[in-house]
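To start, the structure itself, in structure tokens.
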Amino acid sequence: MLELKERIEQHIDQISEYTATPGRGTTRLTYSQEDLQARQYIKKKMNEYGLQVREDGFGNIFGKLEGTLKDAPSVLIGSHFDSVPHGGSYDGPAGVVAALEVAGLFAKHNVTPKYPLEIVALVEEEGARFGGGLLGSRGMVGLLSEEDFNSLADKDGISTVEAMRKIGLDPSLPKQRDPGTMKAFLELHIEQGPILEEKKIPIGVVEAIVGLTQLEVNVKGQAGHAGTTPMDRRADALVAASNMIGQLPGLAAEEGKGTVITVGRLNVFPNGANVIPDEVVFSVDIRSGEEEHVLNAIEKTKALIQSFSGNGIQSSIEQLLYIQPKELNAGIRTLLKEKSEALEIPYCSINSGAGHDAMVLSDYTEAGMLFIPSKNGLSHCPEEWSDSEDIARAVRIFYETALQLTEAE
Ligand code: GLV
Ligand code: MN
Ligand code: MN
């Protein structure tokens, strides 16, 4: 059998093959053919490690090692396996692969836990296909109703349910999971920033995760001919949207305290070079470690957008996602630090500026996260890279932690 580090590399390399944009980063949208390929690989490995595999009505994957205690809650370990458009190989898969290898160590050492161990691979964390994000985790704890899930569609109008069926998934399977079936949740993720690399520390124990929101702004104007409509008679939706967007960095700076605002997605309609745009839809992602600043920035953004109304311009704003900043479980944090020390793996405390499934699950179970360094602090781009030796370190820490949490012999 290959060494732990080599197995990790093999998984990462294999999963990264499942991209819609070969040579231009990982594009693995939820319920796409690439999702199906990655899903088949993950399920195959779960089977090889002796786990009982099932999917829920969202397509989340669970691989379970039963415990000796009847009807006992599981210790869950995992992350997501979707990607942003043209992202990297590690955001999500690193955590799924680490979880698989924890199960691999349970199998290798013939460990029988008292509480079950469950490896999880979650869908649509990024929201790249259906918007919002954290869909798999929000769905599984009942924060996303069946009705709301069914009403979601991608940019081509394909609904979640249609897309699931297209790759052979069954949306009628049970969706919600009783929080009483979860004892703890552990997630490894790449840091996606420069701190650990700069400090030369291989492991970050995550203390807290930023609060975040995602807004969708729709600006409507009047379409017209680019050559014949005088400049003072136009209601150009793109000019209005550009002026709004141009003021957002200043608004973030004014709010301060690390508040960040990003417009990462923008669609212009009808998108013809000689047509005055009559509609623009764009996303606004707002984050801060303190909820007060997220809320202030949301109000200021709404006021800014409304201030452009008039002269044929109308705007509406929809909130697709809102999550408060979350502190991760103190007991799990301590346990992760103790295990790192026992294994003589250097670590430090760190906060997360990215959103993670653990922030959803932390309201329902004891959740903890580890970060590993990201090369040059880069993520959400093809250059994203982390050292498989660091993933292996996290696997060893999680293995020891899981042995304790599952009360294994
Ligand atoms: C996920 O990567 C997020 O932080 O939006
Ligand atoms: Mn991400
Ligand atoms: Mn992620």
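The values are calculated or read from the model by the stated rules, or taken from the named source; none is laboratory data. The structure presented is a predicted model; accordingly, all values stated were derived computationally and were not measured. Reconstructed Cβ throughout: ideal geometry from the backbone, glycine too, with neighbour counts over all protein chains shown. We work out accessible area using only protein heavy atoms, side chains counted, and drop any ligands, DNA or RNA first. Shrake-Rupley method; radii C 1.70, N 1.55, O 1.52, S 1.80 Å.
Return yes when GLY127 is surrounded by fewer than 24 Cβ atoms within 10 Å (Cβ to Cβ), part of a loop (DSSP other than H, G, I, E, B) and within 16 Å of ligand 3 (Cβ to nearest atom) and no when it is not.
So GLY127 passes the test.
Please give the number of the condition VAL97 fails out of (1) within 14 Å of ligand 2 (Cβ to nearest atom); (2) open to solvent by less than 50 Å² (accessible area, probe 1.4 Å).
Single failed check for VAL97: (1).
Would you point out which residue out of LEU143, LEU134 is crowded, with 24+ Cβ neighbours inside 10 Å and within 30 Å of PHE282 (Cβ to Cβ)?
The match here is LEU134.
For segment 313-323, give me each residue that is surrounded by fewer than 14 Cβ atoms within 10 Å (Cβ to Cβ) and in contact with an Asp or Glu (Cβ under 7 Å, 6 or more places away or on another chain).
Correct list: GLU318 only.
Considering only residues that are more than 16 Å from ligand 3 (Cβ to nearest atom) and among the acidic types (Asp, Glu), look in segment 333-382 and name the one that is surrounded by the most Cβ atoms within 10 Å (Cβ to Cβ).
The selected residue is GLU366.
Keeping to segment 159-178, report how many residues are open to solvent by 50 Å² or more (accessible area, probe 1.4 Å) and of a type outside the set (D, E, K, R).
So the answer is 5.
How many residues, within segment 73-88, are surrounded by fewer than 24 Cβ atoms within 10 Å (Cβ to Cβ) and assigned to a loop (DSSP other than H, G, I, E, B)? Step through it out loud before you land on a result.
Step one: list which residues in segment 73-88 are surrounded by fewer than 24 Cβ atoms within 10 Å (Cβ to Cβ), which gives 73, 84-87.
Still in the running and assigned to a loop (DSSP other than H, G, I, E, B): 73, 84-86.
Qualifying residue count, segment 73-88: 4.
Please find, within segment 106-124, the residue that is nearest to THR30 (Cα to Cα) out of those that are in a helix (DSSP H, G or I) and open to solvent by 20 Å² or more (accessible area, probe 1.4 Å).
Only one residue tops the list, namely ALA107.
Looking only at segment 60-71, which residues are crowded, with 18+ Cβ neighbours inside 10 Å and over 20 Å from TYR31 (Cα atoms)?
The answer is LYS64, LEU65, GLY67.
Go through (1) under 17 Å from SER388 (Cβ atoms); (2) more than 11 Å from ligand 3 (Cβ to nearest atom); (3) out of contact with any Leu (no Cβ under 8 Å at 6 or more places or on another chain) one by one and return the number of the condition TYR90 breaks.
Unmet for TYR90, out of (1) under 17 Å from SER388 (Cβ atoms); (2) more than 11 Å from ligand 3 (Cβ to nearest atom); (3) out of contact with any Leu (no Cβ under 8 Å at 6 or more places or on another chain): (2).
For LYS155, indicate whether it is out of contact with any Gly (no Cβ under 8 Å at 6 or more places or on another chain), at pLDDT below 95, open to solvent by 50 Å² or more (accessible area, probe 1.4 Å) and over 19 Å from GLU48 (Cα atoms).
Taking the combined requirement at face value, the residue satisfies it.
Does ILE332 qualify as being among the hydrophobic types (A, V, I, L, M, F, W, C), away from ligand 1 (no atom under 15 Å from the Cβ) and either on the phi > 0 side of the Ramachandran plot or out of contact with any Leu (no Cβ under 8 Å at 6 or more places or on another chain) (or both)?
no
I'd like the full set of residues that are within 16 Å of ligand 2 (Cβ to nearest atom) and in contact with a Phe, Trp or Tyr (Cβ under 7 Å, 6 or more places away or on another chain), limited to segment 136-168.
GLY136
What do you reckon, is GLN192 open to solvent by 50 Å² or more (accessible area, probe 1.4 Å), of a type in the set (S, T, N, Q) and more than 20 Å from LEU36 (Cα to Cα)?
no
Exactly one condition in (1) within 16 Å of ligand 2 (Cβ to nearest atom); (2) open to solvent by less than 10 Å² (accessible area, probe 1.4 Å); (3) in a loop (DSSP other than H, G, I, E, B) is not met by GLY57; state its number.
Single failed check for GLY57: (1).
Is it the case, given these coordinates, that SER89 is touching a Lys or Arg at 6+ places or on another chain (Cβ under 9 Å) and either among the basic types (Lys, Arg) or more than 19 Å from LEU169 (Cα to Cα) (or both)? Give the derivation first.
Details: touching a Lys or Arg at 6+ places or on another chain (Cβ under 9 Å): no; either among the basic types (Lys, Arg) or more than 19 Å from LEU169 (Cα to Cα) (or both): yes.
Against the criterion (touching a Lys or Arg at 6+ places or on another chain (Cβ under 9 Å) and either among the basic types (Lys, Arg) or more than 19 Å from LEU169 (Cα to Cα) (or both)), SER89 does not qualify.
Would you pick out the residues in segment 169-193 that are away from ligand 2 (no atom under 16 Å from the Cβ) and assigned to a loop (DSSP other than H, G, I, E, B)?
Once the filter is applied, which keeps residues that are away from ligand 2 (no atom under 16 Å from the Cβ) and assigned to a loop (DSSP other than H, G, I, E, B), segment 169-193 yields LEU169, ASP170, PRO171, SER172, LEU173, PRO174, LYS175, GLN176, ARG177, ASP178.
Could you list, ordered by first residue, the pairs with Cβ atoms under 6 Å in which the first is in segment 74-88 and in the same structural domain as GLY132 (by TED's automatic domain parsing) and near ligand 1 (Cβ under 10 Å from one of its atoms) and the second is open to solvent by less than 10 Å² (accessible area, probe 1.4 Å) and assigned to a strand (DSSP E or B), at least 6 apart or interchain?
Going by the 6 Å Cβ cut-off, the qualifying pairs are HIS80/LEU122; SER83/THR26; GLY87/THR26.
Sort out which residues of segment 383-393 are within 26 Å of HIS86 (Cβ to Cβ) and crowded, with 20+ Cβ neighbours inside 10 Å, and write them in order of number.
Those that are within 26 Å of HIS86 (Cβ to Cβ) and crowded, with 20+ Cβ neighbours inside 10 Å: GLU384, SER386, SER388, ASP390, ILE391.
Give me the pairs, please: first residue somewhere in segment 298-320 and under 24 Å from ALA223 (Cα atoms), second residue anywhere and open to solvent by 60 Å² or more (accessible area, probe 1.4 Å), beta-carbon distance under 6 Å, and either six or more positions apart or on two chains.
If the second residue must be open to solvent by 60 Å² or more (accessible area, probe 1.4 Å), the pairs left are LEU304/GLN247; GLY312/GLN222; GLN314/LYS220; ILE317/LYS302.
GLY139 versus (1) small (Gly, Ala, Ser); (2) touching a Pro at 6+ places or on another chain (Cβ under 8 Å); (3) away from ligand 1 (no atom under 16 Å from the Cβ): which is the lone unmet condition?
Here GLY139 clears every test but (2).
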